[in-house]
Amino acid sequence: MSQMAMLYKYEFRKIAKRKIIWISLLISVIIILPTIGGPVLDFLYESSGTETAYQAFLKDREYEKKLEGRLIDQSLLEETMEAYGKIPQTEGPYSATEEYRTYARPYSAIFRFVRVMTDMTVNESLNWEADEQELYAGNRVLLMRTADRYRLTPEETEFWLRQEEQKPWPVEYRYKEGWWRLLDCVYTIGLLAIMVTAICLSGPFVEEHTRKTDQLILSSRYGRQPCFWAKFLAGLTFALALSLFFTAVSFLTAFAVYGAEGFTADFRLTGGYFPSVTLGEAVLISYGCMTAAVLVAGAFVMVLSELLKSSIGALSLVTGMVLLSMWVDIPEHLRVLSQIWSYMPSEFIAQWNLFNPRTVPLFGAFFLSWQVVPVLYLLLGLLFTLTGRALFVRYQVRGR
């Protein structure tokens, strides 16, 4: 085994053997399970007063699978609105009526799709007359409103309209709850992964300084260049392993609870009308970008800890940045500033930023956020690497 490989293995074992890591992983798993499982894992909560949340899920899944493969065309829309037309006018929630449970509930997934495609209110949807052409025309109006909201240029709007024209109509209904839960929860899982990475990687570069052994280590044969690369690569490897672990736990939980059906489901079934990808492809893109965000966050926290010579200082700063990104919301009409802000690792992992309609025009082409940002992270990671190397190699131990 080469000296470099031996140093790398030693540094990785130093990271992996810390108790805080295993405690963090255990807490993370405890958080992920209910986050992905949601109300389905609540066997006692009565969602409607007559059945538990788990029983409600089983019933709705049965109804959705009966709709599997059907086109959401005029015929299915008429069936849906006819069933919802049997619900009596009541002051309370219509979902508590016997007519809803008997007639309308089997079509609730199609009713939700109508609302998502048109942004109608519940009352407007209940009084809507089934019309396939009106449904898809209404969706085009919604797309134009979204383009205006995000201040898209005329060229960008034309680009997205061309994308929409290439999609098949009418949409085919597919059961896709497992994949949808994975996409819906990627923001929470990603934030958790970034925070655990910061906790675990804020120490490797600081230990020698806090224990005052840096003078001995940095003056040894492998104490500068090889030692830096061993520490840095071990930290990045750990960040990658951590992200893959979180992804695996999330996928296993989702598929165990909801099933793995729906990879090829149309993304528009979830309200994602812009990207020309299937729901399963959107999930893979999301968790791939989450891994990129975790890696660049890991590189940043290691360099920051070496700069500050304090693990607490680095962890506090990273935590503050994450909290700031959660609290600060830059409005969409500030196009450039809002778009740049959405590229922050703790912001970018949210599905509404991953699949944002704002593009990056380059060489006459339009690139999407999830195509551009990982490349930016790669360049940023290279900058962090060079900065960290310079700080570590040029550090001089002074009298204490």
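Values quoted throughout were computed directly from the atomic coordinates according to the rules given, and no laboratory measurement underlies them. A quick note: this is a predicted structure, and the numbers were derived from the prediction, not measured. Don't worry about glycine lacking a Cβ; one is built from the backbone with ideal geometry, like all the others, and counts go over all protein chains shown.
Where [x] 36, 23, 21; [y] 33, 24, 20; [z] 48, 25, 17 are the candidate values, the label of the one calculated here for semi-axes √(5λ) of the Cα gyration tensor in Å is [z]. Here's how it looks for residue 356: its modeled amide H is under 5 Å from those of 369, which are all 5 or more places away or on a different chain. Of 66/176; 65/167; 66/86; 59/176; 65/86; 66/167, which sit over 19 Å apart, Cα to Cα? The pairs that break the limit, which is 19 Å between Cα atoms, are 65/167; 66/86; 65/86; 66/167. Taking each residue as 0.36 nm, the span from residue 23 to residue 386 lengthens on full extension beyond its C-alpha to C-alpha distance by 127.5 nm.
For the stretch 221-378, the normalised intensity computed at q = 0.16, 0.18, 0.19 Å⁻¹ comes to -1.07, -1.24, -1.31 (log10 of I(q)/I(0), Debye sum over alpha carbons, equal scatterers, no solvent). Checking the Cα-Cα distances for 17/309; 14/231; 231/309 against a 19 Å cut-off, the pairs over it are 17/309. Extending 7 Å from the Cα toward the beta-carbon at both residue 62 and residue 151 defines two label points whose distance is 5.2 nm.
Each residue of the stretch 236-242 is assigned a 3J(HN,Hα), and the resulting list reads 5, 4, 5, 4, 5, 4, 5 Hz, derived from the Karplus form 6.51 cos²θ - 1.76 cosθ + 1.60 (θ = phi - 60°), x at Gly and Pro.
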